[in-house]
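Everything below concerns the one structure shown next.
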Amino acid sequence: MSLSSASPDLLLISRTADFIREKFLHEGSGHDWEHIRRVWQVARRLAAQTPEANMLVTELGALLHDVADWKFHDGDEEAGPRAARAWLTSQHADPAVMDRVEAIIREISFKGLGVPTPMSSVEGALVQDADRLDAIGAIGVARAFAYGGHKNRQLHDPAVPPVSHDTFESYKQNTAPTVNHFYEKLLHLRERMNTPAARRVAEERHAYMEQFLGQFLREWEGEDV
Ligand code: ADP
Ligand code: NI
């Protein structure tokens, strides 16, 4: 099907994918285009198994979820929702769709172990699951160390204990070594999946991370020698 004969929804999705691909192609902190592409693909798969999910809202939410992450915008939590709205407005998207996509972006982010982040829509629940699945498993390990390297963090320091961040402020200000991030966030995501399908996938990815950490800590002290 040529683009000119595609439905308005497909056109909006493909234009949004082009916009985001272009914007994130050279990003080096683990929030690159390939992360967005995986989240998009996984969210579509989850939505295909969820009859009540609207595919357009799910796909736009996935594509735009990191459009202006607070971590890279001075902690400004409104930067993402604002940028998504600006893009969708420029594309003359349906205002109701725009509202739903904006809510997903406002609600999706992890803000510390003690800070609940419920999603108010089924589409948001799927996109959050897809995003969190990409933070665990082998890809999750790679992304955590990519992020830590980007931020000049140490790999590990046994003298720095993990902290359960009970406020977003505390989570934002964290500069701990990367291994702490597993205990402060990544190992808890399995329990926080919204859908049974994502939880099943999370089991395997979680087991892989635990195995990685066990081996890492043994090697850290040369215990395997
Ligand atoms: P979310 O998708 O819930 O918003 P983030 O954007 O916080 O998650 O995280 C995106 C990626 O960056 C994840 O793979 C995450 O593990 C990694 N990351 C975020 N904060 C840290 C950190 N302090 N140390 C290591 N990796 C991190
Ligand atoms: Ni993401």
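When the chain is fully extended, how far beyond the present Cα-Cα distance does residue 92 get from residue 197, taking 0.36 nm per residue of separation?
34.4 nm
With unit charges on the beta carbon (Lys/Arg positive, Asp/Glu negative), name the residue among 115, 62, 163 whose Cα is farthest towards the positive pole of the charge dipole of the chain.
62
Pairs on different chains or at least eight residues apart, Cα atoms closer than 12 Å: how many lysine pairs in segment 50-196 fit?
Counting lysine pairs in segment 50-196 gives 5.
Relative to the longest principal axis of the C-alpha atoms of the chain, give the angle of the C-alpha long axis of helix 137-150, reported between 0 and 90° and rounded to the nearest 10°.
Compared with the principal axis, the helix lies near 80 degrees.
Take residue 14 and residue 174, extend 7 Å from each Cα along the Cα→Cβ direction, and tell me the distance between the two endpoints in nm.
Those two pseudo-labels are separated by 4.1 nm.
Can you give me the Kirkwood hydrodynamic radius for segment 1-129, using every pair of distinct Cα atoms, in Å to one decimal?
Every distinct Cα pair counted, the radius reaches 14.9 Å.
What number, rounded to the nearest 500 deg cm²/dmol, is the helix-based mean residue ellipticity at 222 nm of the chain, given -39500 (n - 2.57) per DSSP H run of at least four residues and division by all its residues?
-18500 deg cm²/dmol
Sticking with the crude label model, points 7 Å out along Cα→Cβ, report the distance from residue 142 to residue 106 in nm, one decimal please.
In this crude label model, residue 142 to residue 106 measures out at 3.5 nm.
What ranking of 101, 163 emerges when the number of other C-beta atoms within 10 Å of each C-beta is taken as an exposure proxy, fewest first?
Numbers: 101 31, 163 15.
With the sparsest Cβ surroundings first, the list reads 163, 101.
Which is farthest toward the positive dipole end of the chain among 149, 208, 179, measuring Cα position about the Cα centre, with Cβ charges +1 (Lys, Arg) and -1 (Asp, Glu)?
Towards the positive end, the residue furthest out is 208.
Compute the helix-to-body angle for 95-107: its Cα long axis versus the longest principal axis of the chain, expressed 0 to 90° and rounded to tens.
Once rounded, one gets 0 degrees.
How far is helix 55-64 tilted, in degrees, relative to the longest principal axis of the Cα atoms in the chain, given as a value from 0 to 90 rounded to the nearest 10?
With both axes taken from Cα atoms, the answer is about 50 degrees.
Can you put 102, 27 in order, fewest other beta carbons within 10 Å first?
27, 102
Treating only the Cβ atoms of Lys and Arg (+1) and Asp and Glu (-1) as charged, compute the dipole magnitude of segment 134-205 about its Cα centre; round to the nearest 20 debye.
The calculation lands at about 200 debye.
All of the numbers you see were taken from the coordinates with simple rules; none came from a lab. Nothing here was measured: the structure is a model prediction, and the numbers come from that model. Backbone-built Cβ (ideal geometry, glycine too); neighbour counts: all protein chains shown.
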